[in-house]
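Structure record follows, encoded as structure tokens.
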Amino acid sequence: MKIKRKFTHRKYRALLRGLLAVAILMASTALVMAQVQGSQWSPPVRLSGMEGTYKDLSNAMVADPYGNIHVFWVETGLDDGRTIIQHSRFDGTNWSPPMDIVATQSGGAIGFVSVSITADGLLYLLWTGGNNGPVFYATAPAQLADSAGAWSTPVKVDAPAFQAYLLIDSRRIFHLVYSSFYGESPGVYVMQSLDQGQNWTTPIWLDPDIPANFAPLTLKAQLDVADGIHALWAYEDLTAAGADVRYAHSLDGGQTWSLPFTIDSPDEAPDELRLSRPSLAVSGPSVL
């Protein structure tokens with residue numbers, strides 16, 4: 001099995017380089033680079049507060065149709081025991097003051113946060129209630145997102161999600177792509193709703209061939225311009241340091257999915273895969 005994984009990796013590396021460029025996303029700080037000016041970065045701007053603790057890897061960013069950038073992040077360790085999701089908007093010049101969008105009761109948990117936006121500028125903020133679900137999401141018009149009162153009452157979806165993304169295609173079909181890390185059947189799953197979140201289909205398991213002692217540690221998911229769904233994830237080998245990076249897609253609106261494709265696998269070489277944090281970007285018809 002080891003030989004087979006090495007062979008697959010070498011055979012397809014050149015092909016995938018033209019289709020997929022996997023970058024390491026190290027979101028270990030709450031400092032956000034505000035603006036690119038020519039070849040120079042502006043000074044960093046600290047958005048997270050000083051009282052609590054910024055939760056590593058629990059952040060999300062999206063651009064709206066009006067030229068603004070919205071950033072969401074999770075803070076915990078507050079004196080009152082709450083966990084909060086904060087929001088700030090960049091208009092090209094200034095960041096809006098951070099605003100609490102979601103706040104748990106004392107001792108409540110928020111495990112992961114993601115955000116998506118529709119073509120008409122409606123933001124969908126999603127978060128998990130800990131490391132094993134459930135999932136919640138709320139909506140707000142992008143132009144009013146810095147007002148807590150503009151956000152809808154959260155909707156709950158029962159899914160044992162460690163990380164999750166809500167993707168809304170041009171037909172207003174909801175696609176919930178999530179990973180289960182601590183569940184009885186670890187892996188990557190997708191559910192659909194044809195009535196904007198009122199009812200959900202039975203989850204499709206994208207990687208039923210997941211090796212023993214593996215679990216998806218990092219998940220990314222995005223739509224392309226033709227409503228294709230792209231999912232990229234990296235496993236953690238619970239018995240070793242590194243594990244596979246894999247990819248799957250659906251080009252028919254989530255009806256059928258490709259078999260998971262292994263992009264990279266660790267081996268004994270010193271420059272090989274270790275504790276990867278892959279990222280995914282879709283630009284027009286291209287996947288990066």
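The values are calculated or read from the model by the stated rules, or taken from the named source; none is laboratory data. Because the structure is a prediction, the values reported are computed rather than measured. For neighbour counting, all protein chains shown are included, and Cβ atoms are generated from backbone atoms with ideal geometry for every residue, glycine included. What goes into the accessible areas is simple: the full protein's heavy atoms, side chains included, and nothing from ligands, DNA or RNA. Shrake-Rupley method; radii C 1.70, N 1.55, O 1.52, S 1.80 Å.
With the simple spin-label model, which puts each label point 7 Å out from Cα in the Cβ direction, the Y182 to Q143 separation comes to 4.2 nm.
Considering only protein heavy atoms and a probe of 1.4 Å, how much of the accessible area of region 194-267 is carbon and sulfur, as a whole percent? Carbon with sulfur: 55 percent of the solvent-accessible area. In a fully extended conformation the segment linking A226 and T256 would gain 9.3 nm over its present Cα-Cα distance, using 0.36 nm per residue. Near the amide H of V102, within less than 5 Å, lie the amide hydrogens of I85, all on another chain or at least 5 residues away, with H placed in the peptide plane.
Backbone amide hydrogens, once placed in the peptide plane, bring L78 within less than 5 Å of T53, excluding anything fewer than 5 places away on its chain.
Binning the C-alpha pair distances of region 141-228 at 10 Å intervals from 0 yields a P(r) profile of 15, 40, 33, 10, 2 %, listed from the shortest bin outward.
For D207, the amide hydrogen comes within under 5 Å of the amide hydrogens of V188, counting only partners 5 or more places away or on other chains and with H modelled in the peptide plane. With protein chains left intact and a 1.4 Å probe, residues in region 56-108 average 46 Å² of accessible area per residue.
With R₀ fixed at 30 Å, the C-beta to C-beta distance from L122 to V45 puts the FRET efficiency at about 0.70. What net charge is computed for the residues neighbouring R89, neighbours being all others with C-beta under 13 Å from the C-beta of R89, Lys and Arg scored +1, Asp and Glu -1? Summing Lys/Arg as +1 and Asp/Glu as -1 gives -3.
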